[in-house]
1. Pull up the cross-link candidates among the lysines for Lys68, meaning alpha carbon to alpha carbon under 22 Å and not fewer than 8 places away within one chain.
2. Classify segment 35-81: rounded, prolate or oblate, from the alpha-carbon gyration tensor (a ≥ b ≥ c, eigenvalue square roots; a/c under 1.5 rounded; otherwise prolate if a/b is larger than b/c)?
3. Given 0.36 nm per residue, what is the gain on full extension from Ala74 to Ile34 after removing their alpha carbon distance, in nm?
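None of the figures in this text is laboratory data; all of them are computed from the coordinates on show. Just so it is clear, the structure is predicted and the values come from calculations on it, not from any experiment.
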Amino acid sequence: MRKLIDLIILLLLISAAPQAVLAATPLSSLPTRIDAEYDVFKDDFKIGTITGTFTLSKDGYHIESLSKATGLFALIKPEVI
């Protein structure tokens, strides 16, 4: 859960001030892609996965996040968000 919170905070900070981040750091020194995958647990049961991708190009950035239920929870909520 802590990793999920850290990812959300990172994505919010990046989306809130992308010009400041890009202006303060040379574009060539930044990673062009960051992929992260997290397991989501309720109590001790894995109920889903979240996959996040941050892509940086000379024209800007793109953030994509996919959430998918797993296990028994997928029977109730099978779609990918």
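1. Lys3, Lys42, Lys46, Lys77
2. prolate
3. 11.7 nm
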